[in-house]
1. Please list B:243-250, B:55-62, B:188-195 highest first by mean number of surrounding beta-carbon atoms within 10 Å per residue.
2. So, counting K/R as plus one and D/E as minus one, what does the shell of residues with Cβ under 11 Å around A:Leu113 add up to?
3. Once label points are set 7 Å from the Cα along Cα→Cβ at both B:Tyr109 and A:Leu133, what is their separation, rounded to one decimal in nm?
4. Per residue of B:207-213, what is the mean number of Cβ atoms on other protein chains within 10 angstrom of that residue's Cβ?
5. Specify whether the C-alpha gyration tensor of the range B:86-144 places it in the rounded, prolate or oblate class, a ≥ b ≥ c being the square roots of the eigenvalues: rounded for a/c under 1.5, otherwise prolate if a/b is larger than b/c and oblate if not.
6. Just how far, in whole angstrom, is the range B:84-136 from the range B:252-276 if you go by their alpha carbon centroids?
7. In what sequence do B:Cys88, B:Cys79, A:Cys269, B:Cys138 fall when counting other Cβ within 10 Å, fewest first?
8. Apply the Karplus curve 6.51 cos²θ - 1.76 cosθ + 1.60, θ = phi - 60°, to the phi angles in the range B:74-87 and return the couplings in whole Hz, x for Gly and Pro.
Amino acid sequence: MAAAATCSTGTRSTGSMVVAASRNNVTSFQRRGPRTSGTDSGCSRLVSISGTRPSVRNGQLLVSTGLPALDQLLGGGLAVGTVLLIEEDKYNIYSPLLFKYFLAEGIVTGHTLLVASAKEDPADILQELPAPLLDDNCKKECDEDICNHKTESNVKMKIAWRYQLLPKIEARPVSSSRFGHYYDVSKRIPQELIEASKWHGFFLPEKISSTLNEDPCSLNHGYIKLLQFIQNIIYKEGFDGSNPQKKQKNILRIGIQNLGSPLWGDDICWTENCDSNCSLTKFLYMLRGLLRTSLSACIITVPTHLIQNKAIIARVTNLSDTVVGLESFIGSEKETNPLYKDYHGLIHIRQIPQLNNLICDVSDVKDLAFKLKRKLFTIEGTWVQALVRNY
Amino acid sequence: MPSDGCSNSLAVKAAAGAQFLGPNRGPRLSKNPRAPLTEVPTTTSAHPGSPCGSASAKDSVEWEGRSLLKALIKKSALCGEQVHILGCEVSEEEFREGFDSNINSRLVYHDLFRDPLNWSKTGEALPGGPLEALRALCRRTDPGPVTIALDSLSWLLLHLPCTTLCQTLHTLSRQDSCHGDSSPGEQVHVLGLLHEELHGPGPLGALSSLAQTEVTLSGALGQASAHILYRRPQQRPSHQMDPTTHLTFNLRLSKKEREAKDSLTLPFQFSSEKQQALLCPGLGQPTSHIFYEPDAYDDLDQEDPDDDLDV
């Protein structure tokens, strides 16, 4: 990743800058242009990419995860070129939701998507994305657009005749350059948005034939195919800067679902006996290498509750950048705990990367719980654990 | 091997009830798995909303699950579905015992018990062993809803690597979407019997993550009970019902009603010149214009102007 100017954090450094300014009578604090890091294409001023913003801590280019609450907990968003690992909850109910939020955010901001799954067809996953809650300007244009399409141009309106001469607005995909949107989980994303977006799908049963014999020493066959697919897309579409004539830069959002489950051909979920030939760790290492050299961000969900070998879980966590764990209350004794009755589970921010920094931006609130309301997925801090301990 | 001779109350109740819960209920756990089973939720497997997926029944030595499997098979057969059985642990005669003849005629039995490795070479056994048998089931192209029962998953786990088994089961239960158009009747239900004590937590967890419904048999004091875990499938609105059908009020206009509606005078209906003036405001209009249009209630009397009022 390109090194960025370190924007100082904390009050101590701001104070020292003020002191320096007053001493010299000329400010040494020079205003820089809107410098965003993440690529080094050689141009002095980088055109800002929609849906991204530079981090206020370390200048990294951030993308939103689709949940503004989660963005805040991760220090502003997910850094471009990093991996967000979601540790699935036990019955895999809430982790697909975070996965879909990430992809929906990509569609709304116009990023390119790459969806990989061994369980569901990526086209089906895209159909189930939540609908974005647009603000009033975008919504009015959408409604007028629909109404203009329905009425013919020559029909005189009897009641709403004042609207007759309004200009027709062409149907165009709603794209927004804001950072972080809200979604309505109870509705599906409109079909036009999906069709207007660019996405690539990788569905494992279609890509490999099951009769192939795997070489046990090398990487899992499914993982090899996936890595080749991702590398191909990054190279062909120029996310790694290999097409300098391409003016418009965009972010590639990669989503990989249920990595490490037996459906990917991996055996870490049912045997403890994984020596150094663990395919998943090699895959993550290579994936991170691909991501670091391109303008992409990746979300992976892993069923860590099924992984038998604890050492593998630790290795997988270390090889990812940001790790978020979900623990749902279903079936556990916490379900009947009256202090947790408002929530559906706990969310643990297990790791936040230190990118060009010595410290990482860990949120102050340690006990976080989530709740899936009918339309929204909310994350709140809860201090109940402290209370419980006191009793 | 599971032993017979436990109480059959569960089998009876399961035969009366049904196996798949309604699609709108979330993951539901029975409150007390040790309590005797009082009721089994009753929706039929041919319900159009029922999930297409796999269900596994976990049993143990004390509480055997084959009778539950047979009860579910009987229910499917009575609903008119075709049932394929991959039998590995008991012989075909023993499995078919207890079914009457019309159900037996609907069962297609694939026998892996008698000669799984095809040693006798008589040509009766399924070629290729268990994996090929499963793959042949995947490639089957009969139309209509079908139930595939695997007796048992434990036997298959001992003979196949877990990864291969999981992938093949996934392909089995995804069959309906491979066949192009989506019609709700073309659903594949996969039932599997798993003996809990034979496997470690790894394979059990892996298979559980695949199954949509899981029934764990246990019991206390001679009473069997079932602990049902159901994962709600993704809501997939594939058939949008037309909301204007089946209404208690009328949304359609007859011709006379339409004419009456068109000829109605609206209270704020302006003459066309006023409309045009309002729609296209001219640029060179220094003064504003007043357009007066009397409606039905205005009383214009030319002989009584207001000019003579002293107000």
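Any read-out appearing in this document is the output of simple, stated calculations on the displayed coordinates, not a laboratory observation. Keep in mind the model is a prediction, meaning the values are calculated, not measured. In this analysis, Cβ positions are derived from the backbone assuming ideal geometry, glycine residues included, and neighbour counts consider all displayed protein chains.
1. B:188-195, B:55-62, B:243-250
2. +1
3. Inter-label distance under the simple model: 5.9 nm.
4. Rounded to a whole number, the mean comes out at 3.
5. Cα axes put the range B:86-144 in the oblate bin.
6. Using only Cα atoms, the two centres lie 74 Å from each other.
7. Ascending number of Cβ neighbours within 10 Å: B:Cys79, B:Cys138, B:Cys88, A:Cys269.
8. 4, 5, 5, 5, 5, 7, x, 7, 8, 10, 10, 10, 9, x
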